[in-house]
1. Residues of segment 131-149 being within 14 Å of ligand 1 (Cβ to nearest atom), touching a residue at least 40 places away in the same chain (Cβ under 8 Å) and of a type outside the set (S, T, Y), which ones?
2. Only one residue in S202, S122 is assigned to a helix (DSSP H, G or I), within 14 Å of ligand 1 (Cβ to nearest atom), open to solvent by 70 Å² or more (accessible area, probe 1.4 Å) and out of contact with any His (no Cβ under 9 Å at 6 or more places or on another chain), so which one is that?
3. Just to be sure I understand the filter: pairs with C-beta atoms under 9 Å, separated by 6 or more residues or on different chains, first member in segment 160-171 and within 15 Å of D144 (Cβ to Cβ), second member within 16 Å of ligand 1 (Cβ to nearest atom) and open to solvent by 60 Å² or more (accessible area, probe 1.4 Å). Which pairs pass?
4. For segment 291-341, give me each residue that is open to solvent by 40 Å² or more (accessible area, probe 1.4 Å), farther than 15 Å from A75 by Cα and among the basic types (K, R).
5. Restricting attention to segment 51-68, report how many residues are in contact with a Phe, Trp or Tyr (Cβ under 9 Å, 6 or more places away or on another chain) and more than 10 Å from P20 (Cβ to Cβ).
6. Considering only segment 194-236, how many residues are more than 20 Å from the chain's Cα centre (by Cα) and hydroxyl-bearing (S, T, Y)?
7. Does segment 144-157 contain at least one residue that is at pLDDT below 95 and either open to solvent by 30 Å² or more (accessible area, probe 1.4 Å) or more than 14 Å from ligand 2 (Cβ to nearest atom) (or both)?
8. Mind checking which pairs have a first residue in segment 99-121 that is in contact (Cβ under 8 Å) with a residue 12 or more places away in the chain and a second that is surrounded by 15 or more Cβ atoms within 10 Å (Cβ to Cβ) and in a loop (DSSP other than H, G, I, E, B), Cβ under 8 Å, 6 or more apart or different chains?
Amino acid sequence: MAEITIPKHDKNRIFSGIQPSGDLHLGNYLGALHQFVDLQNDDQNECIYCVVDMHAITVPQDPKMLRKRIYDLTALYLACGVDPKKSILFVQSEVPAHAELGWIMTCSSYTGELSRMTQFKSKSQGRESVPSGLFVYPTLMAADILLYDADEVPVGTDQTQHIELTRDLANRINNTRGETFILPKGRYLKEGARIMALDDPSKKMSKSAPNPMSRISLMDDEKTVKKAIMRATTDSDGEIRFDPENKPGVSNLMNIYSVLSGESLDSLESMYRGKGYGDFKKDLVSVVNGALQPIRTRFEEIRESSELIDILEDGAEKASAIANPVLARVKERFGMGLGTK
Ligand code: AMP
Ligand code: TRP
């Protein structure tokens, strides 16, 4: 069998993905997109960002809607500042190596560890029949990451368990078959890592919550943003103080304010000492609208342009050039296929 080595890459390689499965909200922006752009703008990093349509079909999708959302999400990545000259941006199913390594990762995982995943438990709850794809979802995510020899994966803290599983699977294969994978690390933005629902700060802000006032969609107009913030759950003591345990609603709003404005939580506390929630919320409305307005404008321009397809085709080509040799390396380790003669 051929000698196997993991080729070194110079830069810190970053990989992340977002599902094209609904309107993105402020949690996605602060937990993911905002970080993606900062990372891309640091010269030491080499960034690869993916629209994970194969993950989206783990639950039923209307085909027309899914296709629309693939382009919407691509336009949103670009509107938030992902630059195709600096980063690779592509659609998962356009690079078949994801499906192939996904299967190998599935075969390297145990049903016991997959049934412990909290995302699986919550997404399968209440369904009469649970799609198998939901169960093996994390093995495909592991393949996404390992296929690029990624060093770091920027995500919200809701993905910690999946990142740990990715490391466990990579370790297992490295230990049983010899060095095959680089062990990736999760990279979590401290304040923005978990944005909570506006109507119930004990739950995370999510695309699927039935109450639209629980989230701020990145495409919401100014009035809707105002309505959602002014109605957000707080508490009755009237003090603007960061204390996630006792004041989860206020702390969540402070988090959002802090990450978007660059003001520290301490300085927000002093700025609003002696002031009420009304003043604080009014200012937060301006901060959020100030951050979202330019994104909305750029999104409309980019969504209409014919460049989107070219960007994604180019991205898939560049992604394949990295992914295919890694897949070949793994198949060699497993003795699959014809190998090199
Ligand atoms: P998803 O919408 O589940 O595909 O998530 C896309 C990205 O947004 C992932 O990196 C998530 O960790 C992140 N994310 C989703 N919801 C939140 C939230 N409420 N707070 C922070 N990050 C989030
Ligand atoms: N599971 C992630 C989420 O729901 C999306 C995702 C799929 C992902 N593949 C990935 C994130 C690879 C980071 C890296 O948010």
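The values are calculated or read from the model by the stated rules, or taken from the named source; none is laboratory data. Predicted model only: the values in this text are computed from it and were never measured. When we count neighbours, we look across all protein chains shown, and the Cβ atoms used for this are built from the backbone with ideal geometry, even at glycine. Each accessible area value is taken on the protein alone, full model and side chains, heavy atoms only, with ligands, DNA and RNA left out. Shrake-Rupley method; radii C 1.70, N 1.55, O 1.52, S 1.80 Å.
1. Those that are within 14 Å of ligand 1 (Cβ to nearest atom), touching a residue at least 40 places away in the same chain (Cβ under 8 Å) and of a type outside the set (S, T, Y): L134, L140, M141, D144, I145.
2. S122
3. I163/K185; R167/K185
4. Matches in segment 291-341: K318, K331, R333, K341.
5. Of the residues in that region, 1 qualify.
6. The qualifying residues number 5.
7. Looking through segment 144-157, at least one residue is at pLDDT below 95 and either open to solvent by 30 Å² or more (accessible area, probe 1.4 Å) or more than 14 Å from ligand 2 (Cβ to nearest atom) (or both).
8. Within 8 Å, the pairs are L101/L147.
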